[in-house]
Structure formats: C-alpha cells, structure tokens
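Here is the structure we will look at, set down as structure tokens.
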Amino acid sequence: MVPSCALLLLRLCALPSALAAAASDVLVLRDSDFDNSVEDHETILVDFFLPRCAHCQKFAPEYERAATRLKGTAILAKVDCSTSSKTCKRFGIKRYPTLKVFRNGKEFAIYDRSHSEEGIVHYMQKQTGPSSVVLHSKEDLDAFINHSDASVVGFFPNGSNTHLVEFQKAASTLRENYRFAHTVEPGLGLLHGLEAEYHCRSLIFSSLCFKLCSFGICPHVTKENREKLKGRDLLTAYYDLDYVRDPKGSNYWRNRVLKVAVQFQSRGLSFAVANRREFERELEEDFGLDQLDGGGFPLVTIRTREGHKYSMREEFTPDGKALTRFLEDYFAGRLKRYLKSQPVPEYNKSLVQTVVAETFEEIVSDPEKDVLIQLYAPWCGHCKNLEPKYNELAEQLSGDPSIVIARMDATANDIPSGYDVDGFPTIYFVPARKKHKPVKYEVGIYLTQQSYFFGILYMP
C-alpha cells in the first residue's frame with residue numbers, strides 16, 4: 001500500500017500549472033543577447049515569464065501599456081523562460097512573472113511592487129535620471145521640499161567630494177523610498193540651521209548626515225508610496241484629502257491627528273493620513289467601512305505588522321478626545337479585532353473541509369494534523385480546473401485521520417499572516433507541530449526535492 005505522504009506528494013506533483021500571453025510592445029531578450037542588451041541601458045526592467053502562465057497573461061497588458069507610456073524615459077524588456085531557460089536559471093527565477101531591475105548590466109533589485117500600469121510607471125520614473133537633484137538656490141530648495149513625499153537633502157558647503165559620493169550612493173540605493181537632492185551652496189545650509197541642532201529626523205551614512213524633510217510623524221499615504229510603511233503598526237486617518245486643490249482643508253484634520261499622535265509616538269505605532277476615496281474599496285473589504293460611515297469626519301483604522309485590524313467606531317471629534325480614547329483602548333488590549341469571514345459552515349464533514357477566517361485557527365492550526373490548505377478565488381478558472389484533482393487527492397488520503405485537505409475562499413476571508421497569496425490557487429502544506437512554518441507548494445519543486453518534502457511531513 002502506498003503511504004499517505006507518498007500519495008500526497010504524487011498528487012501534488014500532478015497539480016496543473018497556469019497559462020499566459022506575451023506582450024508585444026516590450027524589448028524581447030533571449031539567452032543569446034541578454035547580457036549585451038542590459039549592458040546597453042543604464043536602467044532596464046525585465047519581466048521573466050512563461051507563455052502558459054495565467055498570471056503572466058493577466059499582467060501582460062499592464063506591462064505593455066506601461067512600456068508605451070515610458071518610451072523615451074525607461075526601457076521595459078521580457079524574457080520567455082520556456083525558450084531562454086539558461087538566463088532564467090542564472091537569475092534564480094522560480095515564480096512567474098518575476099520582475100527585476102538591472103543597472104549598467106548588473107542585477108540591481110527585484111520589483112515587488114504593484115503589477116499595474118500605474119505602479120510600474122511610477123516606480124520606473126523614480127529609477128531613471130539622476131538619483132539626486134542638484135539645488136542651486138533657495139527657490140530650488142523650497143520647491144523640492146514642498147512635496148508630499150519624503151524628501152532628503154544633502155548639504156555639502158565645501159564640495160565635500162568624499163561625502164557627496166557617499167550620499168549619491170545612498171540616494172541610488174534608496175531612491176525608490178525617498179526623493180533626493182543636494183547642494184554645495186553654503187548659504188542654503190545656514191538657512192536650514194546646518195550648524196544648529198536639527199529639529200527633524202537625521203539619517204547617518206558613514207559619517208554623512210543629511211536632513212530628512214517630510215510630513216514628520218504623519219505622512220500622506222497613497223497607493224504608490226504605501227509600501228514604505230509596510231512592516232509597521234500603522235494608524236491611518238482617511239478623509240477627503242487633496243493637497244493640490246485644498247491644502248488648507250487637508251491639513252485641518254491632519255493637524256488634529258498630529259495633536260494626538262505626539263502623545264503616543266513613543267509606543268511603536270506609526271501614524272498617517274490618506275484620501276478615503278483612493279482607498280474606498282480597501283476600507284470596505286478590509287475593515288467593513290463604507291463612504292457613509294463617519295459622516296464628514298475621518299475614518300480611523302489600525303493595521304499591525306501581524307495583519308491584525310481595528311477600526312474606530314466612535315465618531316472622530318475635532319478636539320481629538322475620541323481618537324485618544326480609541327488609542328488608549330488599543331494599547332490596553334480592549335479593542336476587538338476586525339476579521340472578515342464568511343459564516344461558519346453548519347455542515348463540514350466533506351472530504352475537502354471548508355475553512356473560513358473564523359475557523360482557520362481551529363482547523364489549519366490544529367497542532368496534531370498535517371493540513372493541506374488551498375486558497376482560491378470563486379472566479380478563478382485554474383481553481384475550477386484543479387477541483388477534481390484536489391477532490392481525488394482528498395479521497396486518496398481520507399483513510400488517514402492525521403491529514404486534512406481543506407480550502408478557503410481567499411477573496412471573502414482574511415488570510416492570516418505568513419500565508420502570502422500572489423495568485424490563485426495558492427496551496428500551503430502546514431505540518432503538524434510546525435504550524436509556524438507553512439510551506440508553499442510550487443509546481444515542480446518537490447519533484448527534485450522529495451527527501452526535503454518527506455522530511456517536513458515527518459518533522460518532529
């Protein structure tokens with residue numbers, strides 16, 4: 001009789017993979033010309049894809065439109081990993097699509113931002129041109145720092161060649177996170193108290209000190225810059241914010257958030273403001289809030305680095321007292337987490353168990369069970385094609401009470417931290433007694449790493 005773990009391995013190896021299309025308005029690179037082509041361009045973004053990958057197919061039109069908009073500014077290229085496998089193997093490509101930035105012929109960074117036309121254009125515009133802008137006058141400086149994004153200015157009154165080189169290296173590395181500029185005009189440094197103690201945050205790079213001028217502790221978050229705040233416990237106030245058309249009105253509520261924020265800034269919570277219209281869908285789907293909630297007052301949420309979510313249900317008051325009470329309850333542990341979940345199934349005895357957010361801990365994190373959990377989307381064609389195979393797998397393993405085959409609608413339920421979903425279906429194996437180490441299944445990997453996979457199954 002074939003062991004249950006072997007059946008699980010064999011069935012996993014049989015799971016189907018996805019399909020894709022190629023973009024047409026992008027530079028095509030192959031094994032034969034890849035190195036020469038990337039060396040010919042100072043900065044180039046390369047999409048490593050497979051023609052049969054569904055995510056690649058979905059992404060292709062966005063990439064094509066971005067390439068069209070960036071013509072004359074930045075180069076977008078692509079590599080078909082089914083025909084140029086040597087190049088893809090050399091750069092460790094295992095997931096599709098994978099995007100990488102190359103500078104002067106060398107790999108510079110992995111592009112892990114939004115796979116949208118706007119996201120790519122915004123990112124690549126920051127990657128091209130000088131990493132640090134030269135400022136010649138007070139007008140240049142004022143214009144540069146009068147911006148909603150964090151802006152870094154380096155002051156080098158005597159040329160300071162060594163430090164300037166260090167600054168430009170730092171600017172090149174961090175250009176996607178901050179806007180950089182520098183000046184060698186002594187008067188500009190004096191205007192901003194270069195010789196006095198700085199009143200805003202300073203960053204140090206190898207004895208180089210440059211001044212960070214931004215919104216301070218309460219930045220304006222947009223869909224394009226919110227990646228900068230990932231990995232933090234973040235409170236965000238959403239309201240009708242528009243610094244272009246209504247800077248005074250935009251600062252009115254921000255100043256009231258700031259007034260409260262300064263009382264709690266030493267407790268590990270970051271603060272931000274955002275346009276509620278820009279995040280309307282996220283507020284509704286992630287926090288159960290709609291545009292009618294709050295009236296004309298800000299909506300306030302907290303999202304922690306672990307993915308825990310909270311929302312302020314009391315109406316925001318201009319005196320800040322409601323926000324203060326909300327934060328006091330948060331730090332005291334009195335707030336109830338918001339959890340998006342489908343109803344708990346009344347009957348859940350099928351071979352493939354249905355998991356919802358409310359039962360994820362009970363079923364998937366059961367310390368005594370080896371669990372295979374499929375995170376799917378109801379509209380996903382590949383998920384539908386997978387269903388017979390997945391049901392067959394569950395039937396094959398139904399005699400082993402230590403193994404659970406399950407699935408959860410990832411579009412209707414919150415997904416716990418540690419379970420990244422970048423496409424559908426996404427499948428994790430969650431070993432018994434190792435619930436903190438879920439293993440993402442990827443097509444083909446376990447064909448060549450059988451001993452590793454068996455080791456996970458029987459890990460003590």
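Brief remarks on what is shown
- Residue check, residue 310 surrounded by 14 or more Cβ atoms within 10 Å (Cβ to Cβ) and within 15 Å of residue 326 (Cβ to Cβ): yes
- Members of the stretch 311-329 found to be touching a Phe, Trp or Tyr at 6+ places or on another chain (Cβ under 7 Å) and not aromatic (Phe, Trp, Tyr), listed by number: 311, 312, 314, 315, 322, 323, 327
- Scanning the stretch 118-127 for residues being touching a Ser or Thr at 6+ places or on another chain (Cβ under 9 Å) and open to solvent by 30 Å² or more (accessible area, probe 1.4 Å) gives a total of 2.
- The set of residues from the stretch 350-370 being part of a loop (DSSP other than H, G, I, E, B), open to solvent by less than 40 Å² (accessible area, probe 1.4 Å) and among the aliphatic types (A, V, I, L, M) comprises 355, 356, 364.
- The set of residues in the stretch 129-140 being modelled with pLDDT under 85 and crowded, with 16+ Cβ neighbours inside 10 Å consists of 131 alone.
- Condition broken by residue 332, with the remaining ones in (1) within 30 Å of residue 260 (Cα to Cα); (2) within 25 Å of the chain's Cα centre (by Cα) satisfied: (2)
- Within the stretch 320-349, the residues that satisfy the criterion of being open to solvent by 80 Å² or more (accessible area, probe 1.4 Å) and of a type outside the set (A, V, I, L, M, F, W, C) are 321, 325, 328, 334, 336, 337, 343, 346, 347, 349.
- Only one of 347, 338, 390, 419 that is within 23 Å of residue 440 (Cβ to Cβ) and assigned to a loop (DSSP other than H, G, I, E, B): 419
- Pairs with Cβ under 6 Å, 6+ apart, first in the stretch 85-98 and under 23 Å from residue 58 (Cβ atoms) and part of a loop (DSSP other than H, G, I, E, B), second open to solvent by 30 Å² or more (accessible area, probe 1.4 Å) and not charged (D, E, K, R): 96/50
The values are calculated or read from the model by the stated rules, or taken from the named source; none is laboratory data. In this text the structure is predicted, and so the values were computed from the model without any measurement. Quick reminder, even Gly has a Cβ in these numbers, built from the backbone with ideal geometry, and neighbours come from all protein chains shown. Just so you know, the surface numbers come from the protein's heavy atoms only, side chains and all, with ligands and any DNA or RNA stripped out. Shrake-Rupley method; radii C 1.70, N 1.55, O 1.52, S 1.80 Å.
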